[in-house]
Structure formats: structure tokens, C-alpha cells
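S.K.: This is the structure I have questions about; it appears just below.
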Amino acid sequence: MQANNILGVLQAREFGAEDCLFLNQKQNFTEASNSNVLFVIDGVVQTPSIQSGILSGLTKNIISELCSATGISYNETLLSINDVRSATECFIASATREIVPLRSLRFEDGEFLEFPEGGGTVTRMLQTRYKDYVIRYCQENIDSRLFS
């Protein structure tokens, strides 16, 4: 039996996409196949909350801190398809992928929502801040070990 995330990616690839976004039973966005999903709507970084039925992501928590430190509004909330139709940027985030801008979304009704190639202003700024965070974290924890 295959997991929903694998089936979702396989279906997305049939449409020429690389990944998929999931909705819960109430038609609110939850996450990508193996990443958190974040949208920029009216200048605010918005992402599905745990009330959507997802786990809180480590990388998403770091993005929240980076937004706060740089004066970017950040909101975890329930996000419907109609909410997302007004997004100007979209990106996925995980510890393994870091921050990856999405080029477009295809909705079930066939409508496409296009985003800036390479990410919009907010996405690119967060990519830079996140990379700086990872470098700083590694430098500060250079002597940390899981095993001695």
C-alpha cells in the first residue's frame, strides 16, 4: 500500500508537475508531499496551521523566527483554495529542501496561478536569511556530536 504523499506526487507528475499540495476534508491546504507550504498573500507569509491536521515543521518554525526578525508578517491559519488564489508568491520548506519557490499552482478546476520565476521578493529574502541561519548554526555547533 502506498502512502498518500507518494500517490500525490505520481498524480502531479501526470500533469507535468514536480510536487503536489494536499487539502484536508474541509478543503483547506495542509502541506506538500514532504514539505511545508507557505504563501505570500497581501505581503504576509501565510501557512497552514496545526488546526489543518499537520505537524509543526522545524523549518517552518525557523521561517517564523526569521520573519519576526526581519519585520515580515507571518501567520499560521486555515487556508482555503479561495484564500490561496490571491497569493503572489508560494514556496515549500523542509530541512532537506530548505526553501524552494514554486513557479505555479494548478487548481482542480484547471486554473493556473503563476508566481515569479526564482521566487518573489519575500521568498528570495527568506532563502538568503535561511541559508545564513544554517551557516551560523553549523558554526556555533561545530563541536556538537550525536555520538562520542
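S.K.: Can you tell me how much longer the chain between S73 and Q25 gets when fully stretched, taken as 0.36 nm per residue apart minus their C-alpha distance, in nm with one decimal?
M.R.: Numbers: separation 48, 0.36 × 48 = 17.28 nm, distance 2.78 nm.
So the chain would gain 14.5 nm between S73 and Q25.
S.K.: Right, here's the next one. With axes computed from alpha carbons, what is the tilt in degrees of helix 4-14 against the longest principal axis of the chain, rounded to the nearest 10 within 0 to 90?
M.R.: 60
S.K.: Additional query: At what distance in angstrom do the alpha carbon centres of the stretch 87-148 and the stretch 34-53 lie from each other?
M.R.: Comparing the Cα centres of the stretch 87-148 and the stretch 34-53, I get a distance of 12 Å.
S.K.: If you don't mind, there's one more thing I want to ask. Go ahead and estimate [θ] at 222 nm for the chain from helices alone: -39,500 (n - 2.57) per DSSP H run with n ≥ 4, summed, over the residue count, rounded to 500. If you can, show how the numbers build up before the last one.
M.R.: Values: 4 runs with 48 residues, N = 148.
Per the formula, -10000 deg cm²/dmol.
S.K.: Follow-up question, since we're still on this one. Calculate the spin-label point distance for E65 paired with C138, positioning each point 7 Å from the Cα along the beta-carbon direction, and give it in nanometres.
M.R.: Going from the C138 label point to the E65 one covers 1.7 nm.
S.K.: Set the Förster radius R0 to 22 Å, insert the Cβ-Cβ distance between F147 and T96 as r into 1/(1 + (r/R0)^6), and round the FRET efficiency to 0.05. Show your work: numbers first, answer last.
M.R.: On the way: r = 21 Å, r/R0 = 0.97.
For R0 = 22 Å, the calculated efficiency reads 0.55.
S.K.: Okay, moving on. State the answer as a single residue: which of Q27, Y137, C67 lies farthest towards the positive end of the charge dipole of the chain, with beta carbon charges of +1 for Lys and Arg and -1 for Asp and Glu, about the Cα centre.
M.R.: The Cα lying farthest towards the positive end belongs to Y137.
S.K.: Which ³J(HN,Hα) values in Hz, rounded to whole numbers, follow from the phi angles of the stretch 67-81 under the Karplus curve 6.51 cos²θ - 1.76 cosθ + 1.60, where θ = phi - 60° and Gly and Pro get x?
M.R.: 4, 4, 5, 10, x, 8, 5, 9, 9, 9, 7, 7, 10, 8, 4
S.K.: Dipole size in debye (nearest 20) for the chain around its Cα centre, Lys and Arg Cβ +1, Asp and Glu Cβ -1?
M.R.: 300
S.K.: Going through the stretch 84-148, which GluC sites (Glu not before Pro) have at most 16 other Cβ atoms within 10 Å and a DSSP loop state?
M.R.: Working: sites: E89, E98, E108, E111, E114, E117, E140; in loops: E108, E111, E117.
Those satisfying the criteria are E108, E111, E117.
S.K.: Could you pull out the longest piece of the chain with no exposed loop chymotrypsin sites (Phe, Trp or Tyr not before Pro) in it, calling a site exposed if DSSP puts it outside H, G, I, E, B and it has at most 11 other Cβ atoms within 10 Å?
M.R.: Result for the longest clean stretch: 16-146.
S.K.: Taking the Cα-to-Cβ direction at E111 and at S56 and moving 7 Å from each Cα, how far apart do the two end points lie in nm?
M.R.: Going from the E111 label point to the S56 one covers 3.3 nm.
Where a number appears in this text, it was derived from the coordinates with a stated rule and is not lab data. Not measured: the values here are computed from a predicted model. Counting neighbours? That spans all protein chains shown, and the Cβs are built from the backbone with ideal geometry, glycine included.
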